[in-house]
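Reading through the structure tokens given below for one structure.
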Amino acid sequence: MKALILIGGYGTRLRPLTFSVPKPLVFFGDKPILCHQIQALAEAGVTEVILAVNNVPPALIESLKGFEEIYKVKITISVEYEPMGTAGPIRLAKDHILADNPSGLFFVFNSDVICDYPLSKFIEFHKAHGKEGTILATTVEDPSKYGVIVHREGGQIDRFVEKPQTFVGNKINAGLYLLNTSVIDRIELKPTSIEREIFPKMAADEQLYVFTLDGYWMDIGQPKDYLLGQKLFLQSVRARTPARLASGPTITGDVLIDPSAHVDPSAHLGPNVVIGKDCVIGPGCKLYNTTIMEGTKAQGYSLVEGSIIGWGNTIGKWVRISGLTVSAEDVQFKDEVIVNGAMVCPHKGVTTNVTNAGTIVM
């Protein structure tokens, strides 16, 4: 079985993190975003993962061999030389998808989606209904903000309704699909939207079903959703493998600490904190609702809340970082500065207070 992951372009919504690291390689929880998807696909029996990209960062290419060894899958690059939408890349990768694929099936993943990936049940459901396609759906409280999937009993999709003002259902497209290879022939080799152009025709032909996700789901393509997704991910870790989470008198809620990190016993962590490889968290620090990327050092008595701190940062003493601040690689926060809601570009020093949310430190 094959899978196509729609990676697309430059990860602009996750800047400034993606100034230094390609979006698929940005860590989420305990591994790069891409690896969560590759691992789930490999465990479901996928033997080749095709990455649909319109630029090929050298760092991504360098990482792929290691991913192939870890997850025992072949990884192929399919390059778009112009934006091809969400269906065009499928047609472009036709030869890769069809080659040595006796199952006649392939997954399509949007690269920003993180969830529990119930892929074995997804496959079982798809084979049982015997039609061309299945969309993974998630349930939302306010469907008026989304495009809603209207389906019949049993899951056959009847139609799609964009931002309905009266209730027609509460299932929305979760951005993961399982398709028969025959769907490729429905797609022309040009920029095409699978959601707006292909799926409505498949539904009209009674060839499209919906499978509802029973766990958490989040599109983590922008910082605020990244942090919300982290909270849901940590809850899932607690439900499945609670031994992976940290515990102790200064730990509150769900906290994931890389084994190589050093955290002073007086530091207070949580809830919803991830601390990456080789980080150092000094005495008296307090972190909550925050990710600290690899190699960052917090010297002591600093507060970081609701923020994403990039790779190899230095946080001085008595620093306060809050309000969805996002820092890139190699940022230095000097002693006693206050930073609220800022985006800090790579290799910058923050030497004075930044209190206006939305400020970009360049």
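Summary of values
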{"read-out": "Condition check for Phe167: surrounded by 12 or more Cβ atoms within 10 Å (Cβ to Cβ) and hydrophobic (A, V, I, L, M, F, W, C)", "value": "no"}
{"read-out": "The stretch 191-218: number of residues that are touching a helix residue (DSSP H, G or I) at 6+ places or on another chain (Cβ under 6 Å) and surrounded by fewer than 19 Cβ atoms within 10 Å (Cβ to Cβ)", "value": "2"}
{"read-out": "Qualifying residue in the stretch 214-235 (condition: in contact with a Pro (Cβ under 8 Å, 6 or more places away or on another chain), closer than 30 Å to Gly85 by Cβ and modelled with pLDDT under 95)", "value": "yes"}
{"read-out": "Subset of the stretch 111-159 [assigned to a helix (DSSP H, G or I) and among the basic types (Lys, Arg)]", "value": "Lys121, Lys127, Lys145"}
{"read-out": "Among (1) over 16 Å from Met84 (Cα atoms); (2) surrounded by 17 or more Cβ atoms within 10 Å (Cβ to Cβ), the one test that Arg186 misses", "value": "(1)"}
{"read-out": "Selection status of Ile114, aliphatic (A, V, I, L, M), in contact with a helix residue (DSSP H, G or I) (Cβ under 7 Å, 6 or more places away or on another chain) and without any contact (Cβ under 8 Å) to a residue 60 or more places away in the chain", "value": "no"}
{"read-out": "Residue within the stretch 93-109 that is without any contact (Cβ under 8 Å) to a residue 24 or more places away in the chain, over 28 Å from Ile257 (Cβ atoms) and part of a helix (DSSP H, G or I) present", "value": "yes"}
{"read-out": "Close pairs from the stretch 225-243: first free of Cβ contacts under 8 Å to residues at least 24 places away in the same chain, partner buried (at least 22 other Cβ atoms within 10 Å of the Cβ) and assigned to a helix (DSSP H, G or I), Cβ under 9 Å, at least 6 apart", "value": "none"}
{"read-out": "Top-ranked residue of the stretch 17-29 - restricted to ones that are part of a loop (DSSP other than H, G, I, E, B) and modelled with pLDDT of 90 or more, ranked as surrounded by the most Cβ atoms within 10 Å (Cβ to Cβ)", "value": "Val26"}
{"read-out": "Filtered residue count, the stretch 75-93, keeping only those that are more than 16 Å from Tyr177 (Cβ to Cβ), out of contact with any helix residue (DSSP H, G or I) (no Cβ under 7 Å at 6 or more places or on another chain) and of a type outside the set (Val, Ile, Thr)", "value": "4"}
{"read-out": "Residue list for the stretch 57-85, filter: of a type in the set (Val, Ile, Thr) and either assigned to a helix (DSSP H, G or I) or loosely packed, with under 12 Cβ neighbours inside 10 Å (or both)", "value": "Ile61, Ile70"}
{"read-out": "Test: residue in the stretch 88-103 that is touching a His at 6+ places or on another chain (Cβ under 9 Å) and surrounded by 18 or more Cβ atoms within 10 Å (Cβ to Cβ)", "value": "no"}
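So that you can scan it fast, the table gives a plain yes or no per residue for (1) of a type in the set (D, E, K, R); (2) under 27 Å from Val73 (Cβ atoms):
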position	(1), (2)
Phe109	no, yes
Asp116	yes, yes
Ser120	no, yes
Ile123	no, yes
Phe167	no, no
Ala203	no, no
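The values are calculated or read from the model by the stated rules, or taken from the named source; none is laboratory data. This is a predicted model, so every value here is computed, not measured. Cβ atoms come from the backbone with ideal geometry, glycine included; neighbour counts cover every protein chain shown.
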